[in-house]
């Protein structure tokens, strides 16, 4: 009886210690997950978790190797509104993601390929993966710059607000590449509305991501 109680107490202690370590290191764990999904270096100043969601502070997505710009994406803050019950459902549901003070850098090579072609890459939909839905995605104060092969930089007027509704796994991205789905949706909109595509010569579309262009 005493031995069983001792084993139980040790298990509880180990689980508590493991949970505490994960909580303390949650920012580093989140950074590693993002790096794995995006295939580039990522830095994150802080991650706060609550019952209502999460807040990410100073997120920077670095550029792939071969590109001169230091980053492809920067966000001062990202608010994610969801609950544990919504994350457990099918579809996995996020009520709202709101990003503030953003910088997106689109850098193109002489072949016409961009840093975002490399980051988004090919992500085929995996059979049997969970469905997911983002009801609302809001971008506030979005600055966009285009870096051409000759090193010249074209700055676009800051966009005060962009809003997207009902982004889902219909994009072709599985739940473990939800970050790419978000970036893909934003990039499609920017390339179309800012008329960036005609400045990228020659145009080399991605067969694996026809929706990107």
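Which members of the stretch 163-182 meet the condition of being closer than 18 Å to residue 120 by Cβ and part of a strand (DSSP E or B)? First the steps, then the outcome.
So in the stretch 163-182, the residues closer than 18 Å to residue 120 by Cβ come out as 164, 167-182.
If the condition is that a residue be closer than 18 Å to residue 120 by Cβ and part of a strand (DSSP E or B), then 164, 167, 168 are the ones that fit.
Just the residues that are in a loop (DSSP other than H, G, I, E, B), out of contact with any strand residue (DSSP E or B) (no Cβ under 6 Å at 6 or more places or on another chain), touching a residue at least 24 places away in the same chain (Cβ under 8 Å) and loosely packed, with under 15 Cβ neighbours inside 10 Å, please, taken from the stretch 84-116.
To start, the set of residues in the stretch 84-116 that are in a loop (DSSP other than H, G, I, E, B) comprises 89-91, 95, 109-113.
Imposing the further condition that a residue be out of contact with any strand residue (DSSP E or B) (no Cβ under 6 Å at 6 or more places or on another chain) reduces the set to 89-90, 109-113.
From what is left, the residues that are touching a residue at least 24 places away in the same chain (Cβ under 8 Å) are 90, 109-113.
Residues satisfying the conditions are 90, 110, 111.
Tell me, which residue of the stretch 163-197 that is within 20 Å of the chain's Cα centre (by Cα) and on the phi > 0 side of the Ramachandran plot is surrounded by the fewest Cβ atoms within 10 Å (Cβ to Cβ)?
Top of the filtered list is 166.
Please verify whether residue 123 is touching a strand residue (DSSP E or B) at 6+ places or on another chain (Cβ under 6 Å), at pLDDT below 95 and either closer than 19 Å to residue 178 by Cα or part of a loop (DSSP other than H, G, I, E, B) (or both), treating the condition exactly as stated.
Working: touching a strand residue (DSSP E or B) at 6+ places or on another chain (Cβ under 6 Å): no; at pLDDT below 95: yes; either closer than 19 Å to residue 178 by Cα or part of a loop (DSSP other than H, G, I, E, B) (or both): yes.
No, not satisfied.
Hey, does the stretch 53-73 have a residue that's over 25 Å from residue 140 (Cβ atoms), in contact with a helix residue (DSSP H, G or I) (Cβ under 7 Å, 6 or more places away or on another chain) and at pLDDT 90 or above? First the steps, then the outcome.
Restricting attention to the stretch 53-73, the residues satisfying the condition of being over 25 Å from residue 140 (Cβ atoms) are 64-68.
With the extra rule that they be in contact with a helix residue (DSSP H, G or I) (Cβ under 7 Å, 6 or more places away or on another chain), the set shrinks to 64, 67.
Pick out the ones that are also at pLDDT 90 or above and you get 64, 67.
Checking the stretch 53-73: at least one residue is over 25 Å from residue 140 (Cβ atoms), in contact with a helix residue (DSSP H, G or I) (Cβ under 7 Å, 6 or more places away or on another chain) and at pLDDT 90 or above.
Can you name the condition, by its number, that residue 72 falls short on among (1) farther than 19 Å from residue 185 by Cα; (2) surrounded by 14 or more Cβ atoms within 10 Å (Cβ to Cβ)?
Every condition holds for residue 72 apart from (1).
Sort out which residues of the stretch 128-162 are part of a loop (DSSP other than H, G, I, E, B) and crowded, with 16+ Cβ neighbours inside 10 Å, and write them in order of number. Give the derivation first.
As a first pass, look at the stretch 128-162 and keep what is part of a loop (DSSP other than H, G, I, E, B): 128-131, 148-152, 156-158.
148, 156 - these are the residues of the stretch 128-162 that are part of a loop (DSSP other than H, G, I, E, B) and crowded, with 16+ Cβ neighbours inside 10 Å.
Going through the stretch 34-51 one residue at a time, which ones are free of Cβ contacts under 8 Å to residues at least 40 places away in the same chain, surrounded by 13 or more Cβ atoms within 10 Å (Cβ to Cβ) and not in a strand (DSSP E or B)?
Hits for the stretch 34-51 are 35, 41.
The values are calculated or read from the model by the stated rules, or taken from the named source; none is laboratory data. Every value quoted in this text rests on a predicted model; they were computed, and no experiment measured them. In this analysis, Cβ positions are derived from the backbone assuming ideal geometry, glycine residues included, and neighbour counts consider all displayed protein chains.
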